[in-house]
Amino acid sequence: MRRLLLASGFMLVSNPLLAQNANTEISFAVSNTIPPYFFANGQSGIQYERLASALAKQSLSIGHIYLSPNKRAFRQVASGNVDCLINAPENLAGLYYTRSLISYQNSVFTLTSNKLAIDSVADLAGISVMGFQNATQYLGRDFYQMALSNPQYGESNSQKSQVMMLFSGRVDAIILEGRIFDYYREQLKFRVDTLQPTSRHSLFAAAPRKIACHSQSIAQKIDLGIAQLDREEAEEVRKSIPSAPAPKLELEPVSKPESELEPEKMPLDLK
């Protein structure tokens with residue numbers, strides 16, 4: 001009996017298909033500078049919690065998250081060393097995409113005291129601008145053209161540095177996601193005067209953040225998990241909205257049928 005059990009155990013481990021099915025952990029690569037969406041420990045943050053919830057819907061889990069600069073994160077997934085890339089730009093060759101896990105809201109931030117009128121991407125052409133790494137791949141064609149023609153445009157792989165550069169007056173404007181800006185503004189308050197009033201210029205639409213995977217089957221499973229999470233959250237929102245009270249109906253007075261009406265009194269002279 002013992003030999004039979006040992007043999008069965010050996011077959012289970014040595015069978016690649018069974019081993020693959022038993023492994024529910026997925027590895028991810030993501031930018032290393034995006035708190036509060038992901039923190040440096042790789043195990044907490046707004047987006048981390050949402051990802052974990054979506055994976056659990058498909059009996060999957062987060063195996064390891066590699067925090068890397070954007071370009072290195074892409075190379076890790078493209079080479080197959082990591083399963084999936086979080087916040088992948090569109091149209092990366094050879095990778096399979098899920099639906100959006102979350103949306104980011106990128107904006108232009110300036111110091112209010114500089115009184116910069118920025119109503120369109122074209123208004124960035126004549127000022128110094130610091131974008132996040134690979135911003136030109138995320139923010140549309142007009143932004144890409146502006147970046148090419150503006151000698152004062154640059155990109156940083158440290159969003160903390162972007163915020164520092166703005167409040168220290170080293171650049172006129174930075175391009176950053178709103179929650180990330182707020183996070184680093186608080187973190188840097190003892191190093192630079194972050195109480196200076198700022199202006200937020202909303203030039204960009206909310207940006208969906210998809211996941212791109214080396215394996216099509218993994219991408220499909222994650223996509224199903226995100227879809228299920230979206231449905232459940234939408235249902236919770238629907239249930240939380242109080243239903244409108246039923247309209248009050250004004251009832252018409254009920255009149256008796258003609259057969260039940262009292263006969264008219266006859267005039268006395270006809271009796």
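Here residue 37 fulfils each of the conditions (1) open to solvent by less than 40 Å² (accessible area, probe 1.4 Å); (2) of a type in the set (Phe, Trp, Tyr); (3) within 26 Å of residue 234 (Cα to Cα); (4) in a strand (DSSP E or B) apart from (4). Within the stretch 162-208, being open to solvent by less than 50 Å² (accessible area, probe 1.4 Å), within 23 Å of residue 126 (Cβ to Cβ) and either under 22 Å from the mean Cα position of the chain (by Cα) or among the hydroxyl-bearing types (Ser, Thr, Tyr) (or both) holds for 162, 163, 174, 175, 176, 181, 198, 199, 201, 203, 204. Check whether at least one residue in the stretch 95-113 is part of a helix (DSSP H, G or I) and either crowded, with 19+ Cβ neighbours inside 10 Å or in contact (Cβ under 8 Å) with a residue 24 or more places away in the chain (or both), and report yes or no. Yes, the conditions are met somewhere in the stretch 95-113.
Let's see how each residue does on (1) more than 26 Å from residue 140 (Cα to Cα); (2) in contact with a helix residue (DSSP H, G or I) (Cβ under 9 Å, 6 or more places away or on another chain):
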site: 55; (1), (2): yes, yes
site: 63; (1), (2): yes, no
site: 87; (1), (2): no, yes
site: 92; (1), (2): no, yes
site: 97; (1), (2): no, yes
site: 104; (1), (2): no, yes
site: 107; (1), (2): no, yes
site: 110; (1), (2): no, yes
site: 121; (1), (2): no, yes
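Checked against (1) surrounded by fewer than 18 Cβ atoms within 10 Å (Cβ to Cβ); (2) free of Cβ contacts under 8 Å to residues at least 40 places away in the same chain; (3) among the polar types (S, T, N, Q), residue 27 passes all but condition (2). Residues that are open to solvent by less than 80 Å² (accessible area, probe 1.4 Å) and either at positive phi or without any contact (Cβ under 8 Å) to a residue 24 or more places away in the chain (or both) within the stretch 58-94 comprise 79, 80, 87, 94, listed in sequence order. Pairs linking a residue in the stretch 124-136 that is over 19 Å from residue 164 (Cα atoms) to a residue that is open to solvent by less than 20 Å² (accessible area, probe 1.4 Å), with Cβ atoms under 6 Å and 6 or more positions apart or on different chains, are 124/146; 125/146; 125/150; 136/147. Filtered by the rule that a residue be without any contact (Cβ under 8 Å) to a residue 24 or more places away in the chain and either among the hydroxyl-bearing types (Ser, Thr, Tyr) or in contact with a helix residue (DSSP H, G or I) (Cβ under 8 Å, 6 or more places away or on another chain) (or both), the stretch 171-195 gives a lone residue, 185.
The values are calculated or read from the model by the stated rules, or taken from the named source; none is laboratory data. All of these numbers come straight from a predicted model, not from anything done at the bench. All Cβ positions, glycine included, derive from the backbone under ideal geometry; neighbour counts span all protein chains shown. The protein model used for the area step is the full one, side chains on, heavy atoms only, and it has no ligands, DNA or RNA in it. Shrake-Rupley method; radii C 1.70, N 1.55, O 1.52, S 1.80 Å.
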